Amino acid sequence: MDSVFRLRMARVGDKWALLQGGAFDYSRYHKVRKEQGWAAWPVYAMWATVVCGIAFLIAGFFAYFGTSPIHKK
């Protein structure tokens, strides 16, 4: 989803949008989004999936490794 936002920004003239890496500024995207008439929900959906992915990753670690200590005999 992030690449779609970067491609949209590149198409409207932001030539560095594809090369910014993690420094991409979504507030600039939201300003251009209003001018271009793009929907806002994909950005919010992307952030929701990132948060859910991190939560599932943490839950997976707990499920795989367990939460109780291993007792040696």
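List of remarks:
- Selected residue (criterion: farthest from the chain's Cα centre (by Cα)) from residues of region 3-18 that are more than 10 Å from TYR29 (Cβ to Cβ) and either assigned to a helix (DSSP H, G or I) or small (Gly, Ala, Ser) (or both): GLY13
- Taking the numbered list (1) part of a loop (DSSP other than H, G, I, E, B); (2) at pLDDT 90 or above; (3) of a type in the set (Val, Ile, Thr) in turn, ILE70 passes all entries but (2).
- Cross-chain or 6+ apart pairs with Cβ under 6 Å, region 1-12 first and more than 13 Å from VAL32 (Cβ to Cβ), then among the aliphatic types (A, V, I, L, M): MET1/MET46
- Region 19-37, subset farther than 20 Å from VAL50 by Cβ and outside any loop (DSSP other than H, G, I, E, B), residue modelled with the lowest pLDDT: LEU19
- Hey, TRP47 part of a loop (DSSP other than H, G, I, E, B), surrounded by 10 or more Cβ atoms within 10 Å (Cβ to Cβ) and at pLDDT 85 or above or not: no
The values are calculated or read from the model by the stated rules, or taken from the named source; none is laboratory data. Keep in mind the model is a prediction, meaning the values are calculated, not measured. We place every Cβ from the backbone using ideal geometry, glycine too, and count neighbours over all the protein chains shown.
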